[in-house]
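*Asks:* So that we are looking at the same thing, I have put the structure below in structure tokens.
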Amino acid sequence: MDEKASASPHAAPPLQGDFDDRENTINRSNSAENGSGDEHKHGEGGDLDGKKDKDGSGHTAYATKEAEGYPSPTGSEDAGMARKEGQLDQNVNINARIANPLEGLSRQEVCAGAAEFCSRNGMEEYTSTMQKGALVAQSGLDFEGLDELDEEDKRVLRDEVSHKWRHPGKLYAMTILCSMAAATQGWDETAINGALLVFPEQFGIGSGSDRDSWLQGLLGSAPYIGCAFLGCWLTIPLNHYFGRRGSIFFAATLSALTCVWQGLTSSWQHMFVARLMLGLGIGPKSATVPVFAAECAPPLIRGALVMQWQTWTAFGIMMGYIADIALYYIPDTSAVTGLNWRLMLGAASIPAWIVMAQVWFVPESPRWLMKKGRYREALQSFIIYRNTELQACRDLYLAYVMLEEEKKWQTKKGLALWAELWTVPRNLRATIAATICMFGQQFCGVNVIAYYSSSILKNANFSNIQALLGSFGFGALNFVFATPAWFTIDTFGRRSLLLLTTPLMALFLVMTGCGFYAPAASSAQIGVVLTGIYLFAAVYSPGFGPVPFTYSAEASPLYIREIAMAYATAVLWFFNAVLAITYFRLSKAFTPAGSFFYYAAWNIILFCLVFLLLPETKSLSLEELDMVFGVPTHKHIAYQFRNASYNIRKNVLRQKGLEKERLYEIDPDMKRTAAPMGAAA
């Protein structure tokens with residue numbers, strides 16, 4: 001590879017202040033050009049101390065609390081050499097310092113690298129556009145001064161910031177595919193809810209004894225046992241050999257067939273095997289679909305598109321409840337006993353058939369194609385998912401630059417890569433954060449309500465049909481209140497949503513538990529229990545609903561992403577299985593009220609874990625997150641305590657004249673880009 005082309009991959013991508021929304025950056029850039037950028041340089045986007053001066057060579061010199069006199073990220077020759085030699089370690093980003101990977105290169109070097117990249121990968125006809133894209137990546141939002149761009153190029157680049165939802169139809173077709181896959185997931189999960197009111201008696205496990213309680217829990221949890229111990233791990237070979245689309249097709253096919261199989265069973269043992277096999281479809285689907293969406297979505301709306309997984313999972317949950325209600329009164333026939341519950345379980349296959357037909361009509365993930373060295377196909381995929389070839393070439397080249405850097409981190413292959421989840425500091429921090437998210441989605445208490453709400457409401461003396469109607473209300477609210485997160489997850493942020501909603505979930509679970517102490521079957525008991533469950537659904541849906549899958553899908557670098565997501569979903573489904581198996585016994589041991597108090601306590605614990613260990617990830621490209629997770633954990637925790645003190649003094653005590661410290665130091669003069677650094681768009 002050309003020395004000029006190979007020089008670019010060795011630095012960290014840019015990060016904006018304390019995760020300010022990127023639409024603001026174009027205004028800041030314009031302010032700087034007009035000589036009014038002081039607020040940006042010394043305030044919100046400044047360095048930790050705000051200490052900044054010029055060295056003798058005219059370059060900007062920095063001083064921080066941790067490293068007085070640290071060289072300029074973008075200015076000095078020494079700093080440029082450090083980047084070219086790969087001395088900025090993205091695994092141990094001690095000073096939380098972030099710079100543009102192309103910043104130290106001349107325009108000639110950038111263009112030469114882009115031309116060599118095209119020549120080596122058989123894309124000579126795109127050389128001119130690739131060079132312009134590389135220059136845009138280097139110039140960031142200062143692209144207005146690039147003579148190589150015509151006015152139409154500049155208009156498109158302005159529009160991607162000011163009109164962030166304006167994208168080709170194929171991008172939204174991909175989103176619809178992922179949404180239907182999620183609906184399959186949700187319907188699979190709740191079909192058992194109504195069926196459990198009926199088939200236990202038919203299978204001889206409905207007496208309420210300890211044995212029967214364990215068996216009902218085992219049947220409810222069977223898919224998640226299959227997910228945790230086998231299904232999720234199929235993600236790795238399926239993605240390796242068949243890509244994102246092939247993996248989704250396999251998972252949808254298996255889900256459709258096993259849903260029909262469940263409806264044909266004649267014993268609880270047969271039902272257990274069918275539901276265990278269902279987990280082999282749920283696992284790869286849940287691990288692949290969010291990654292597919294994250295790898296294709298532009299960073300400004302990545303969170304909103306990836307969280308469609310949870311939104312439409314909630315839709316599938318609601319549809320499962322609707323099917324349970326609609327089919328509950330279907331009578332048996334002379335040939336079929338339990339026709340109602342059989343149809344409840346079989347109907348869950350409907351969205352899976354749609355996914356199987358739809359998946360081949362959208363392009364493959366460009367990042368998966370790049371991982372396979374198929375750069376020309378990756379460019380074609382980017383072109384379909386982006387508005388112009390210029391944007392596609394920019395994203396492809398930046399992704400290539402960052403992937404070349406990732407290859408230098410990758411010291412192991414095959415099964416040995418597993419160790420890098422735990423031995424590489426950057427990966428370890430992402431793994432811990434994803435584990436907290438996935439564990440939290442289970443132990444916040446939502447899936448106990450989703451799977452067993454009908455049984456919970458029966459414990460509150462609801463009739464069967466009242467319990468199903470109450471469950472439908474929960475599912476409907478879960479879907480409706482997920483909608484606000486489409487807009488808040490990329491502005492308010494992942495971490496902030498979790499910190500806001502976990503205390504409220506704890507409060508409403510306590511409220512629900514208290515409802516069980518009201519007189520049995522009274523309007524007070526019914527009202528308090530239903531209100532508590534519904535309020536819980538309303539605050540869960542924009543928080544621990546969409547965030548875990550979004551966060552886990554974006555946290556890890558590409559070379560280990562499939563393994564990391566397989567691990568994260570295995571954690572989720574393992575604890576899902578634990579809850580599903582133990583709920584009936586837990587409810588008997590703790591009483592229904594005590595079980596709600598138990599999960600309320602877990603929400604308080606989760607609040608503390610999120611506060612201490614989850615970095616914010618909104619509005620950053622997937623590759624920019626390398627530097628976020630490169631910040632040492634102790635530094636992150638210490639900053640969060642200092643920032644909490646600042647917020648209390650400012651917002652509670654109303655103190656004036658306070659200056660907010662920034663965790664991530666950036667060069668105020670660094671060029672920024674709305675393009676995904678590393679092309680994580």
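No value in this document is a laboratory result; all are computed from the given coordinates. These numbers come from a predicted model, not from an experiment. Note that we place each Cβ from the backbone using ideal geometry, even for glycine, and neighbour counts take in every protein chain shown.
*Asks:* Which pairs in the list LYS164/LYS660; LYS458/LYS588; LYS170/LYS618 are over 21 Å apart, alpha-carbon to alpha-carbon? Please report the intermediate quantities before stating the final value.
*Replies:* On the way: LYS164/LYS660 29 Å; LYS458/LYS588 14 Å; LYS170/LYS618 24 Å.
Violating the 21 Å Cα-Cα cut-off are LYS164/LYS660; LYS170/LYS618.
*Asks:* OK, next. Computed over the Cα atoms of the range 565-606, what is the convex hull's projected area averaged over all directions, in nm²?
*Replies:* Orientation-averaged projected area of the Cα hull: 3.2 nm².
*Asks:* Are there chymotrypsin sites (Phe, Trp or Tyr not before Pro) in the range 470-548 that DSSP puts in a loop and that have at most 13 other Cβ atoms within 10 Å, and which ones?
*Replies:* Taking the range 470-548 and a limit of 13 other Cβ atoms within 10 Å, the loop chymotrypsin sites (Phe, Trp or Tyr not before Pro) found are TYR517.
*Asks:* Another question, then. Starting at the first residue of the range 146-151, write each ³J(HN,Hα) from the Karplus equation 6.51 cos²θ - 1.76 cosθ + 1.60 with θ = phi - 60°, in whole Hz, x for Gly and Pro.
*Replies:* With coefficients 6.51, -1.76 and 1.60, one gets 7, 5, 5, 8, 8, 5 Hz.
*Asks:* Summarise the long-distance tail of P(r) for the range 338-407 by giving the % of C-alpha pairs beyond 16 Å. Each step should come with its number before you reach the end.
*Replies:* Details: 1449 of 2415 pairs.
Here the tail beyond 16 Å accounts for 60 percent of pairs.
*Asks:* With no solvent and one point per C-alpha, what does the Debye sum give as log10 I(q)/I(0) for the range 143-258 at q = 0.12, 0.13, 0.23 Å⁻¹?
*Replies:* Per q value, in the given order, log10 I(q)/I(0) is -0.70, -0.76, -1.27.
*Asks:* Could you calculate the contour length gain from VAL480 to TYR646, that is, 0.36 nm times the residue separation minus the distance between their Cα atoms, to one decimal place in nm?
*Replies:* 56.3 nm
*Asks:* Also, quick follow-up: To make sure I understand, if each residue's beta carbon is the centre and we count other beta carbons within 10 Å, what order do THR423, THR488 fall in, fewest to most? Don't skip to the answer; put the middle values down first.
*Replies:* On the way: THR423 11, THR488 20.
Ascending Cβ contact count within 10 Å gives the list THR423, THR488.
*Asks:* Now for a different question. Give me LEU620, LEU504, LEU653, LEU417 ranked fewest to most by other Cβ atoms within 10 Å of their Cβ, as a rough exposure proxy.
*Replies:* Ordered by Cβ neighbours within 10 Å, fewest first: LEU653, LEU504, LEU417, LEU620.
*Asks:* Calculate I(q)/I(0) for the range 529-587 by the Debye formula, one identical point scatterer on each C-alpha and no solvent, and give its log10 at q = 0.16, 0.18, 0.29 Å⁻¹ to two decimals.
*Replies:* -0.71, -0.82, -1.07
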